[in-house]
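Participant: Shown below is the structure under consideration.
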Number of protein chains: 2
Amino acid sequence: MNLNPSMPTPEERLRAAGQRVTAPRVLLIRLLDEAEEHLDAEELYRRARRELPSINLSTVYRNLAVLKEAGLVEQRYFARDHSREYFESAVQEEHYHFTCLSCGKVVEFETPLIAKVRVDLEAQLGVDIRHACICFEGLCAECAAAEKRTDADGVAPQKSVRIQLS
Amino acid sequence: MNLNPSMPTPEERLRAAGQRVTAPRVLLIRLLDEAEEHLDAEELYRRARRELPSINLSTVYRNLAVLKEAGLVEQRYFARDHSREYFESAVQEEHYHFTCLSCGKVVEFETPLIAKVRVDLEAQLGVDIRHACICFEGLCAECAAAEKRTDADGVAPQKSVRIQLS
DNA sequence: AACAACTTGCAAATGACTTGCAAAACCATG
DNA sequence: CATGGTTTTGCAAGTCATTTGCAAGTTGTT
Ligand SMILES: [Mn+2]
Ligand SMILES: [Mn+2]
Ligand SMILES: [Zn+2]
Ligand SMILES: [Zn+2]
């Protein structure tokens, strides 16, 4: 989602990254480009099978690893349960995430402050930062309001929303 | 590490949190207070067994969950591999982490910018943030310098260092 | 077309974490 | 400080997302 309209095709991106062009890879890239949400391997597998029925789940995993290394997809962790890996297309603006622990909604946001932390760190420590995992968790506005109930279960994954801080 | 010298004993903390005082819990809290690093369940189990040989790994897991809920320990995720949960005592200043992908060293740092992002988010989205997972990853100064080699393996966990940004 | 290098499907394996259950420990209460 | 309801523990057996070995199938290159 929120993709640059004039972006290279999946094939072009693969070749530019020096990776072989295979049907599973092209398909995974396209599925992530088209996705409105952050997808995990299982869900990508489900969607991929609709177009490439012979694809195997392990192929999905292996290729997500390849695409991640090649910088074509981004891996994310959400909510307090980091036991599942989610992915999104790398062809979008840098952004961060807030996840509602109650309803599972994901809010994407931008802010220059994280980049500031990053450059401060690099300048003061001499480190070379390659990746940042930034995720906030809590209750979304709706769930915070509806906090009259005592529930705390059903965390269904939902579509994302994107905002810009200040 | 970096603990307040006049902090309550593990027993006192447990009682204050309304939790039962048991040998495994007291021991886990003390081990985390004493630790120079961030520990996972397996390592805590290893250390705990030295003083309480009958303790079981599942007891370690169950109690870490209890202590986390009670706010007595903090759970962390490091490096690109979030498949392991690490813990540290909650009795310390709020801080964030940088992990070296090459040597595994963890650098702890403080910065008011993350809290700023947090309040901005709460103010502009009306959300109630309960938790933040902030971790930067890359090459530490030493490993970045030694980048002449082509290696990229052995990621041994190491002690942490704490710094203050600017 | 011919081949070496890389990928895939399939089935089996990993490994961190969880769970069911009966016995043991905790902590009011009397 | 004995009693007993409630919680916790040890042990053994799961769970489940992700990984891996291998033979067969593809890809990109000469
Ligand atoms: Mn996103
Ligand atoms: Mn720390
Ligand atoms: Zn919500
Ligand atoms: Zn290093």
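Since every read-out is calculated from the coordinates, none of them should be taken as a lab result. Just so we're clear, the structure is a prediction, and the values are computed from it rather than from any experiment. Positions of Cβ are generated from backbone atoms using ideal geometry, with glycine treated the same way; all protein chains shown enter the neighbour counts.
Participant: Restricting to DSSP H runs of at least four residues, report the calculated mean residue ellipticity at 222 nm for chain A, -39500 (n - 2.57) per run over all residues, nearest 500 deg cm²/dmol.
Facilitator: -11000 deg cm²/dmol
Participant: Sticking with this structure for a sec: Looking at the square roots a ≥ b ≥ c of the eigenvalues of the Cα gyration tensor of region A:18-161, which shape do they give, rounded for a/c under 1.5, prolate if a/b is larger than b/c, or oblate?
Facilitator: It is oblate, given that a/c is not under 1.5 and a/b is not larger than b/c.
Participant: For A:LEU14, B:LEU57, what ranking results if the residue with the fewest other Cβ atoms within 10 Å of its Cβ goes first?
Facilitator: Lowest count first: B:LEU57, A:LEU14.
Participant: Using only the Cα atoms, work out Rg/Rh for the protein assembly as shown, with Rh taken as the Kirkwood radius, to two decimals. Walk me through the intermediate numbers first.
Facilitator: On the way: Rg = 21.4 Å, Rh = 21.8 Å.
Using only Cα positions, Rg/Rh for the protein assembly as shown is 0.98.
Participant: Further question: Would you pull out the residues with amide H under 5 Å of B:PHE87's amide H, same chain only if 5 or more places away, H placed 1.01 Å from N?
Facilitator: B:LEU39, B:ASP40, B:ARG76
Participant: List the distances, in nm to one decimal, from the label point of A:ALA146 to the label points of the same position in every other copy, shortest first, placing each label point 7 Å from Cα along the Cα-to-Cβ direction.
Facilitator: 5.3
Participant: Just how many % of Cα pairs in region B:1-90 lie over 17 Å apart, if you round to the nearest whole percent?
Facilitator: More than 17 Å apart: 44 percent of the Cα pairs in region B:1-90.
Participant: Shifting gears a bit: Of all DSSP beta bridges in the protein assembly as shown, what percent run antiparallel (nearest 5)?
Facilitator: Among the beta bridges of the protein assembly as shown, antiparallel pairing accounts for roughly 65 percent.
Participant: Note down the magnitude of the dipole of the protein assembly as shown about its Cα centre, charges +1 on Lys and Arg C-beta and -1 on Asp and Glu C-beta and zero elsewhere, to the nearest 20 debye.
Facilitator: 740 debye
Participant: Shortest first, in nm, what separates the label point of B:GLU93 from those of the same position in the other copies (7 Å along Cα→Cβ)?
Facilitator: Result, one decimal in nm: 3.4.
Participant: Once the label point is set 7 Å along the Cα-to-beta-carbon vector, what list of distances in nm do you get between A:GLY18 and its counterparts in the other copies?
Facilitator: Values, ascending and in nm: 5.8.
Participant: Got a sec? How would A:ASP81, A:ASP40 order by Cβ neighbour count within 10 Å, fewest to most?
Facilitator: Fewest to most other Cβ atoms nearby, the residues stand as A:ASP81, A:ASP40.
Participant: Hey, another quick one. Under a Cβ-only charge scheme (Lys and Arg +1, Asp and Glu -1), can you give me the dipole magnitude of region B:1-90 about the Cα centre, in debye to the nearest 20?
Facilitator: On the way: 14 positive and 15 negative charges, 68 e Å.
The dipole of region B:1-90 has a size of about 320 debye.
Participant: Rounded to the nearest 20 debye, what is the charge dipole size of chain B about its Cα centre when +1 sits on each Lys and Arg Cβ and -1 on each Asp and Glu Cβ?
Facilitator: For chain B, the charge dipole is close to 460 debye.
Participant: Of A:PRO24, B:CYS133, B:ALA144, which is farthest towards the positive pole of the protein assembly as shown's charge dipole, taken about the Cα centre with +1 and -1 on the beta-carbons of Lys, Arg and Asp, Glu respectively?
Facilitator: Value: A:PRO24.
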